[in-house]
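Comments concern the structure below.
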Amino acid sequence: MEQIGVVIKEDGDFIEILATRESACGSDCSTCSAKCSESKPFQLRTLNTINAKPGERVSIQMNSKAVLSYMLLVYGLPLIFFLSGSLIASIVFGKLNFAHVELYSLISGIIIMAIAFVIVKRVDTKYKDVANNNLVIKKMV
C-alpha cells in the first residue's frame with residue numbers, strides 16, 4: 001500500500017506528513033451518491049529517517065499485512081465482542097425469565113463492545129511506535 005504526501009513540519013527527529021486518503025473504490029464518479037470517492041487529507045507523524053525537509057514530497061509505503069491486521073483489530077474485535085456479549089446475555093436473561101430480554105441483550109452487547117474499545121485503545125497506545133516500524137518513507141524525485 002503506497003501513499004504520496006508532503007512534509008509539512010519537522011519536529012526534531014520526527015516529521016509530519018500531509019497525505020490524501022484515497023477512496024475505497026479508486027474511482028472518481030461524480031454521479032455516485034455514496035460519497036466514497038471523496039478524498040480526505042490525513043496527517044502522519046513518523047521518524048525522519050530520510051532527512052526530509054518541509055515542502056518535500058515523500059512516498060509512504062505501508063506493510064499491507066500490518067494494515068489489514070490493524071483494521072481487523074479496530075473493526076473486528078468490537079464486532080465480535082458485541083455479538084458474543086449480546087448472544088450470551090440473551091441466553092442468560094432468557095433462562096432467568098427476564099422480561100424484555102432483547103433490550104437487556106442489546107444493552108449488554110453495547111457495554112461489552114465498549115470494553116473492546118478500551119482494549120483497542122490500550123493496544124494502540126502500547127504498540128504506537130511499532131506501527132511506525134511498518135512504514136517505509138522515500139523521497140520523491
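The values are calculated or read from the model by the stated rules, or taken from the named source; none is laboratory data. Small disclaimer: the values here were computed from a predicted structure and weren't measured. All Cβ positions, glycine included, derive from the backbone under ideal geometry; neighbour counts span all protein chains shown.
State whether the residues of region 99-108 include one that is assigned to a helix (DSSP H, G or I), modelled with pLDDT of 90 or more and either under 30 Å from M62 (Cα atoms) or under 15 Å from the mean Cα position of the chain (by Cα) (or both). Before you say what the answer is, go through the steps one by one.
So in region 99-108, the residues assigned to a helix (DSSP H, G or I) come out as 101-108.
Subset that is modelled with pLDDT of 90 or more: 101-108.
Pick out the ones that are also either under 30 Å from M62 (Cα atoms) or under 15 Å from the mean Cα position of the chain (by Cα) (or both) and you get none.
There is no residue in region 99-108 that is assigned to a helix (DSSP H, G or I), modelled with pLDDT of 90 or more and either under 30 Å from M62 (Cα atoms) or under 15 Å from the mean Cα position of the chain (by Cα) (or both).
Within region 119-140, is there a residue that is in contact with a helix residue (DSSP H, G or I) (Cβ under 8 Å, 6 or more places away or on another chain), modelled with pLDDT of 85 or more and over 30 Å from I8 (Cβ atoms)?
yes
Which residue, of Q43, Q61, Q3, is among the polar types (S, T, N, Q), exposed (fewer than 13 other Cβ atoms within 10 Å of the Cβ) and either at negative phi or at pLDDT 90 or above (or both)? Quick ask: steps written out before the conclusion?
Numbers: Q61 fails: exposed (fewer than 13 other Cβ atoms within 10 Å of the Cβ); Q3 fails: exposed (fewer than 13 other Cβ atoms within 10 Å of the Cβ).
Step by step, each of Q43, Q61, Q3 is checked, and only Q43 is among the polar types (S, T, N, Q), exposed (fewer than 13 other Cβ atoms within 10 Å of the Cβ) and either at negative phi or at pLDDT 90 or above (or both).
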